[in-house]
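Down below is the structure, laid out as structure tokens.
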Amino acid sequence: PSEPVDIKLKDGDVLDVGTLNITVIHTPGHTPGSVCYLVSGDLFTGDTLFVGAVGRTDLTGASLDTLLDSLEKKLLPLPPETIVWPGHDYGETPTSTMGREMEENPYITDFILDE
């Protein structure tokens, strides 16, 4: 059973945890409530963005168009040196950077930058 929500987070909220400032970035697409967390130059992407891929969009409430919109409007504007920490490790390279993903991730190069 799920627990009741104590605090509802929204896009742009900043959580102060000790000396860390964690910025909430709402990135719907994988699920309507998907979020990424930006901590200094580190982006924790969960199932929104993987190294060379994106999260599944065949789930109830998921949408590839919405996910691509989230990538374009919320993540691509981040500095290219931002380190991407996905929620899953599917290969020899468990992390990436936004710059590398903008050059090599086919969901970004083929669907967003190629428009």
Exercise. If you wrap a convex hull around the C-alpha atoms of the range 34-73 and split its volume per residue, what is the figure in Å³?
Worked result: 76
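Determine the dipole magnitude for the chain: charges of +1 sit on the beta-carbon of Lys and Arg, -1 on that of Asp and Glu, nothing else is charged, the reference point is the Cα centre, and the result goes in debye to the nearest 20.
300
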Problem set entry | Taking 100, 56 and counting other C-beta atoms within 10 Å, the order from fewest to most | 56, 100
Problem set entry | For the range 14-109, diffusion coefficient by Stokes-Einstein and Kirkwood Rh (Cα), 4 °C, 1.567 mPa s, µm²/s | 97
For this session: Count the net charge of all other residues whose Cβ sits under 10 Å from the Cβ of residue 26, scoring Lys and Arg as +1 and Asp and Glu as -1.
Result: 0
Exercise. When Lys and Arg each count +1 and Asp and Glu each count -1, what net charge do the other residues less than 14 Å away from residue 37, Cβ to Cβ, add up to?
Worked result: -3
Exercise. Near residue 66, within a Cβ-to-Cβ distance under 15 Å, what is the net charge of the other residues, with Lys and Arg +1 and Asp and Glu -1?
Worked result: -3
Exercise. If you find the alpha carbon centre of the range 62-115 and of the range 14-30, how far apart are they in angstrom?
Worked result: 18
For this session: Counting other beta carbons within 10 Å of each Cβ, put 39, 51 in order, fewest first.
Result: 39, 51
For this session: Counting helices only, and only those DSSP H runs with n ≥ 4, report the 222 nm mean residue ellipticity of the chain as the sum of -39,500 (n - 2.57) divided by its residues, in deg cm²/dmol to the nearest 500.
Result: -3500 deg cm²/dmol
Problem set entry | Backbone HN-Hα couplings from phi across the range 7-16 [Karplus 6.51/-1.76/1.60, Hz, Gly and Pro as x] | 10, 8, 8, 9, 3, x, 4, 10, 9, 9
Seminar exercise, completed: Calc'd 3J(HN,Hα), the range 25-42, phi into Karplus 6.51 cos²θ - 1.76 cosθ + 1.60 (θ = phi - 60°), Hz, glycine/Pro = x, comes to 10, 6, 10, x, x, 5, 9, x, x, 4, 9, 10, 10, 9, 10, 6, x, 10
Exercise. Given Cα pairs under 8 Å that are at least 6 residues apart, what percent is the relative contact order of the range 14-109?
Worked result: 26
For this session: Just the number, please: percent antiparallel of the DSSP beta bridges in the range 14-109, rounded to the nearest 5.
Result: 80
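Bear in mind these aren't lab numbers, they're just calculated from the coordinates by the rules spelled out. In this text the structure is predicted, and so the values were computed from the model without any measurement. Cβ sites come from the backbone with ideal geometry, for glycine too, and all protein chains shown count toward neighbours.
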